[in-house]
1. Looking for whichever is part of a helix (DSSP H, G or I) and within 23 Å of Ala131 (Cβ to Cβ) here; the options are Leu31, Leu14, Leu40. Which one fits?
2. Yes or no: Thr162 out of contact with any Pro (no Cβ under 6 Å at 6 or more places or on another chain), within 23 Å of Lys59 (Cβ to Cβ) and hydroxyl-bearing (Ser, Thr, Tyr)?
3. Among Leu111, Leu106, which is touching a Phe, Trp or Tyr at 6+ places or on another chain (Cβ under 6 Å) and either of a type in the set (Lys, Arg) or in a helix (DSSP H, G or I) (or both)?
4. Can you work out which of the residues in the stretch 120-145 that are under 12 Å from the mean Cα position of the chain (by Cα) and in a loop (DSSP other than H, G, I, E, B) is nearest to Ser38 (Cα to Cα)?
5. Kindly provide the set of residues from the stretch 153-187 that are surrounded by fewer than 14 Cβ atoms within 10 Å (Cβ to Cβ) and either within 16 Å of the chain's Cα centre (by Cα) or assigned to a loop (DSSP other than H, G, I, E, B) (or both), ordered by number.
6. Name the residues in the stretch 63-90 that are in a loop (DSSP other than H, G, I, E, B) and either charged (D, E, K, R) or under 19 Å from Leu150 (Cβ atoms) (or both), would you?
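We did not get these values from a lab; they are worked out from the coordinates using the rules stated. Predicted model, so just to flag it, every value in this text is computed and none were measured. Neighbour counts run over all protein chains shown; Cβ positions are idealised from the backbone, glycine included.
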Amino acid sequence: MERKDFPYASEYGLDFCKVNVLDDVRVRAILESFFEWSGLGLYRTFGRAPEHNFLFMNKATTEMQVVVVQLWSSGSRVRFWGGSQLHALNGIAAANGLLEVPSERLEGLGLQPTEVVLERGGLALLDARLAFNIIEGFAITFAFATQEELQTWSKMRIPRQTDRLAQKMAEMGSKHIGVNFAFGKSG
C-alpha cells in the first residue's frame, strides 16, 4: 500500500519536493489562489490498494483547509469520488495512516467514482476531503494546509541534521508557502 523506499528525509528527497512541487508554477498558483499562506505538512508515497477508498481528512467544513498534490507514476489508475468532499464521511484509521471509507457509504450518498488512467503519470491537486482509490501505480503525495490546520499536525522529521539539509529546508519556504519539518527522531 505504501512505498517506503523513497528517500524523503534526504537531500535528494528535499530537492525532489522543491523542484517538482514547490517550484512548479502550476502548483504554486493553485495553492496561492486558495490560501494566503500554506505549509507542507505531509510528504509520503501511497500505492496500490484497489479494495480501499482513502481520504486525508474527515472534516466537513465549508472551507477547504488542505490541498493534496499527487505526482502519479506512469501506468497509474485511480478512482476519484467526486462530491465526497462535501460530506462528513466518518472515515476510520487505515493501516497506511490515511482514513478509509467503504464504497457502500459513498454509493449510499449517491456518489459514483470517476476512473482516471495515467499512462504517462501525471499531476493531481485535490481537496484533502475527496475520497480516492488507487487501482494501479503509486503517487508521491504532498499535503499543504492552512496555518490554523497545520498547527494541529506533527512536524515531519528529518532524522539527522547537517548544514546542507538545514540550508535546503530554509530554501524550500517562501512568503506564501512554508514547510513543517523538524530535525530529530519522532517520539
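1. Working: Leu14 fails: within 23 Å of Ala131 (Cβ to Cβ); Leu40 fails: part of a helix (DSSP H, G or I).
Among Leu31, Leu14, Leu40, only Leu31 is part of a helix (DSSP H, G or I) and within 23 Å of Ala131 (Cβ to Cβ).
2. Details: out of contact with any Pro (no Cβ under 6 Å at 6 or more places or on another chain): yes; within 23 Å of Lys59 (Cβ to Cβ): no; hydroxyl-bearing (Ser, Thr, Tyr): yes.
No.
3. Working: Leu111 fails: either of a type in the set (Lys, Arg) or in a helix (DSSP H, G or I) (or both).
So the residue among Leu111, Leu106 that is touching a Phe, Trp or Tyr at 6+ places or on another chain (Cβ under 6 Å) and either of a type in the set (Lys, Arg) or in a helix (DSSP H, G or I) (or both) is Leu106.
4. Ranking the qualifying residues of the stretch 120-145, first place goes to Ala128.
5. Selection gives Ser154, Pro159, Arg160, Gln161, Thr162, Ser174, Lys175, His176, Gly184, Lys185, Ser186, Gly187.
6. Here is the first cut: in the stretch 63-90, the ones in a loop (DSSP other than H, G, I, E, B) are 63-65, 73-75, 82-83, 87-90.
Listed by number, the residues that qualify are Glu63, Met64, Gln65.
Yes/no per residue for (1) exposed (fewer than 15 other Cβ atoms within 10 Å of the Cβ); (2) touching an Asp or Glu at 6+ places or on another chain (Cβ under 7 Å):
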| residue | (1), (2) |
| --- | --- |
| Phe34 | no, no |
| Tyr43 | no, no |
| Ala49 | no, no |
| His52 | no, yes |
| Ser74 | yes, yes |
